[in-house]
Amino acid sequence: MSDISTDTDAPTGRSTDAELFVLGDGAVGAAVSRELQAAGHAVVLVDDTVDPPGIPTVEASPTDSAALREAGIPAASTVVVATRSDRRNLLLAQSIRVRFDTPRVIVLVNSPDRVDPFADAGHEVVCATSAVSTAVSEHV
């Protein structure tokens, strides 16, 4: 059973204001959630390893379909998959698309040589390596 630490409807346990869900597994998901929230988005983080202050969190594994359903993912406009494993990210993104018919799935890809297969699978891709490289070059 998941513990939803956000505003919820009592009968359903579903989030009342989530626009975006971030599926994470530690610091990466928490950081993405903080940035999205700072940009003005209503965000819920699904993670069983961290509970960052100020971020509504569903304390469950991102692979727990029942917890994702209870949290409100079927009504989400966007799901961001941001774990440390490309393999896990691809499996989660495909599962979200098939099980919940989420209109927009954005997937973190850690290795640039995997961007094309993720995009070919129909997902929006953000390459972590490229993003870090760009950020570093802008600060030098």
Checklist entry - Hey, what angle do you get for helix 86-100 against the long axis of the chain, alpha-carbon based, 0 to 90 degrees rounded to 10? => result 40
Checklist entry - If you add up the charges near residue 127, with Lys and Arg at +1 and Asp and Glu at -1, over every other residue whose beta carbon is less than 12 angstrom from its beta carbon, what do you get? => result -3
Checklist entry - Between residue 87 and residue 134, what is the FRET efficiency for a Förster distance of 25 Å, r being their Cβ-Cβ separation, to the nearest 0.05? => result 0.55
Item to check | Dipole of the stretch 45-140 [Lys/Arg +1, Asp/Glu -1 at C-beta], most positive-end residue of 67, 134, 53 | outcome: 67
Checklist entry - What is the dipole size for the chain, taken about its Cα centre, with +1 at each Lys and Arg Cβ and -1 at each Asp and Glu Cβ, in debye to the nearest 20? => result 280
Checklist entry - Given only helices, namely DSSP H runs of n ≥ 4 each adding -39500 (n - 2.57), what is the per-residue ellipticity at 222 nm of the chain, to the nearest 500 deg cm²/dmol? => result -11000 deg cm²/dmol
Checklist entry - Helix 128-139 sits at what angle to the longest principal axis of the chain, using alpha carbons and giving 0 to 90 degrees rounded to 10? => result 70
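Give me 70, 19 ranked fewest to most by other Cβ atoms within 10 Å of their Cβ, as a rough exposure proxy.
By the 10 Å Cβ count, ascending: 19, 70.
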Next on the checklist: Roughly how far apart, in whole Å, are the Cα centres of the stretch 49-85 and the stretch 87-140?
Outcome noted: 16
Next on the checklist: Going 7 Å from the Cα of residue 98 along its beta-carbon direction, which residues of the stretch 62-79 have the amide nitrogen within less than 20 Å of the resulting point?
Outcome noted: 62-70, 73-76, 79
Checklist entry - With Cβ to Cβ distances under 12 Å as the rule, what net charge do the other residues near residue 115 carry (K, R +1; D, E -1)? => result -4
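Coordinate-derived values only; no laboratory data. Worth saying up front: this structure is predicted, and the values here are computed from it rather than measured. Cβ sites come from the backbone with ideal geometry, for glycine too, and all protein chains shown count toward neighbours.
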